[in-house]
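Quick note: the coordinates plus some simple rules give every number you see, no bench work behind them. Here the structure is a predicted model, which is why all the values come from computation and not from measurement. Neighbour counts are summed over all protein chains in view; Cβ atoms, including those assigned to glycine, are modelled from backbone coordinates with ideal geometry.
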Amino acid sequence: MAPRDTDQPDPGHRSRLFDDELLGLDPAEPEVQAFAAHLDRMRREPSFTVEASLTGVGDFADAANRAEGGRRWAAVLVVLLLLTGVVYVASTILTAVLTIMAG
């Protein structure tokens, strides 16, 4: 199974827009599917909220699970680098707090 480009419309996914705004257009036509996918992306929640950030993490996890080969290893590397940074910052803060408490 080849990895799917996220900018390309999913042929098995029918957007709700066909029932509302794209009524009368052929849902099987690739250009119409691409336009519906574009409209779906434009209606996403803003990415500056906590909920949207968590949704973005979920999207990344879904994409990483679908990826194969080099893309999958790149996603694993990104996750490992992020976890390494979190562990480093947490250990630095914990060391500073314990040093202050020990006085």
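Structural remarks
- Of the residues making up the range 49-67, those that are loosely packed, with under 11 Cβ neighbours inside 10 Å and more than 12 Å from the chain's Cα centre (by Cα) are T49, V50, E51.
- Test: residue in the range 77-84 that is within 14 Å of the chain's Cα centre (by Cα) and surrounded by 10 or more Cβ atoms within 10 Å (Cβ to Cβ): yes
- Among the residues making up the range 35-78, those that are over 28 Å from L23 (Cβ atoms), without any contact (Cβ under 8 Å) to a residue 40 or more places away in the chain, part of a helix (DSSP H, G or I) and not hydrophobic (A, V, I, L, M, F, W, C) are E51, S53, T55, G56, G58, D59, D62, N65, G70, R72.
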